[in-house]
1. Given the conditions (1) in contact with a Leu (Cβ under 8 Å, 6 or more places away or on another chain); (2) aliphatic (A, V, I, L, M); (3) crowded, with 19+ Cβ neighbours inside 10 Å, and given that Leu72 satisfies all but one, which numbered condition is not satisfied?
2. Take the conditions buried (at least 19 other Cβ atoms within 10 Å of the Cβ), acidic (Asp, Glu) and either under 24 Å from His197 (Cβ atoms) or touching a Lys or Arg at 6+ places or on another chain (Cβ under 9 Å) (or both) and apply them to Asp78. Does it pass?
3. Output the number of the condition that Gln176 fails; it satisfies all remaining conditions of (1) out of contact with any Ser or Thr (no Cβ under 8 Å at 6 or more places or on another chain); (2) exposed (fewer than 14 other Cβ atoms within 10 Å of the Cβ); (3) among the polar types (S, T, N, Q); (4) under 27 Å from Ala135 (Cβ atoms).
4. Could you list, in sequence order, all residues of the stretch 177-189 that are in contact with an Asp or Glu (Cβ under 9 Å, 6 or more places away or on another chain) and without any contact (Cβ under 8 Å) to a residue 60 or more places away in the chain?
5. If Ser148 passes every condition in (1) within 28 Å of Glu217 (Cα to Cα); (2) at pLDDT 95 or above; (3) crowded, with 16+ Cβ neighbours inside 10 Å but one, which one does it miss?
6. Under the condition of being part of a loop (DSSP other than H, G, I, E, B) and modelled with pLDDT under 95, which residue from the stretch 1-29 is nearest to Arg133 (Cα to Cα)?
7. Would you check if Arg115 is surrounded by 17 or more Cβ atoms within 10 Å (Cβ to Cβ) and of a type in the set (D, E, K, R)?
8. Show the residue pairs that are 6+ apart or on different chains and have beta-carbon atoms under 6 Å apart, the first residue being within the stretch 198-222 and under 15 Å from Asp179 (Cα atoms) and hydroxyl-bearing (Ser, Thr, Tyr), the second being modelled with pLDDT under 95 and surrounded by fewer than 20 Cβ atoms within 10 Å (Cβ to Cβ).
Amino acid sequence: MNPEALTQLARQLDGLSPAQMLTWAAAKFPRQAALASSLGAEDQVLLDMSVKGGLLTKDPKLDLFTLDTGRLFPETIDLLAQSELHYAVQFRVLYPDTAEVETMVASAGINLFRRSPEDRHRCCGVRKVAPLRRALQGKAIWIVGLRSDQTANRADLAPLVWDEANRLLKLSPLLQWSDAEVDAYLDEHQVPRNPLHAQGYPSIGCAPCTRAIVPGEDPRAGRWWWEQESQRECGLHLENGRLVRNH
């Protein structure tokens, strides 16, 4: 997509609330809009908004999916089941290729991600990035729960960007929301949430690669904490090693 076309699309979002952005995406790209969920707090907000906006009814306007890496916390899997029951929706659950996982583990070990950033990115590539590519096939836009205050890497993102790696648009409706706004929405609307959030886990990924943080730490400090901050992305939002930004 050329920069001018992207700018014109982005202008259509000016002044829209997150819920309105979701409706815009579903209407602008019928049958080609995907809502990606990690079952995190932000994604649960987007799920609730989508249900209340009639976008995930019996004739869904959004493709709701999540990635099960095989190393998730039990609490995350339980939240998936709870959310499906609570909202009467069904997630499309994607898993890593069994043969790729077996080859990786046989050659590098079950916990290869501890050895080096390269090995960790290899693990994320097999367990997360490859399934994501499958999930996004045939889509024109994917909707995510990124927020600009989550890390320094995400501080200058735009709500709508062109993701060259996946050849589609990416929309972050909650980009300008704060932690307090997310928490307030979850409380007000009684949205199901991962109990690990109350135990010091603001950002939750695979169990071996996530720890609780202490007060004052960066919200994503518990993700791959043994690496430098600049390397703490799983690859889902990276393009040529950098976070995808507005072009």
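1. Exception for Leu72: condition (1).
2. Details: buried (at least 19 other Cβ atoms within 10 Å of the Cβ): no; acidic (Asp, Glu): yes; either under 24 Å from His197 (Cβ atoms) or touching a Lys or Arg at 6+ places or on another chain (Cβ under 9 Å) (or both): yes.
For Asp78, the condition - buried (at least 19 other Cβ atoms within 10 Å of the Cβ), acidic (Asp, Glu) and either under 24 Å from His197 (Cβ atoms) or touching a Lys or Arg at 6+ places or on another chain (Cβ under 9 Å) (or both) - is not met.
3. (1)
4. Matches in the stretch 177-189: Ser178, Asp179.
5. (2)
6. If we filter the stretch 1-29 for residues that are part of a loop (DSSP other than H, G, I, E, B), which is where we start, we get 1-2, 12-17, 29.
Then keep just the ones that are modelled with pLDDT under 95; that gives 1-2.
On the way: Met1: 19, Asn2: 22 Å.
Selected residue: Met1.
7. Values: surrounded by 17 or more Cβ atoms within 10 Å (Cβ to Cβ): no; of a type in the set (D, E, K, R): yes.
No, not satisfied.
8. Listed pairs, sorted by first residue: Ser203/Pro219.
The values are calculated or read from the model by the stated rules, or taken from the named source; none is laboratory data. As the structure is a prediction and not an experimental result, all values here were calculated from the model. In this analysis, Cβ positions are derived from the backbone assuming ideal geometry, glycine residues included, and neighbour counts consider all displayed protein chains.
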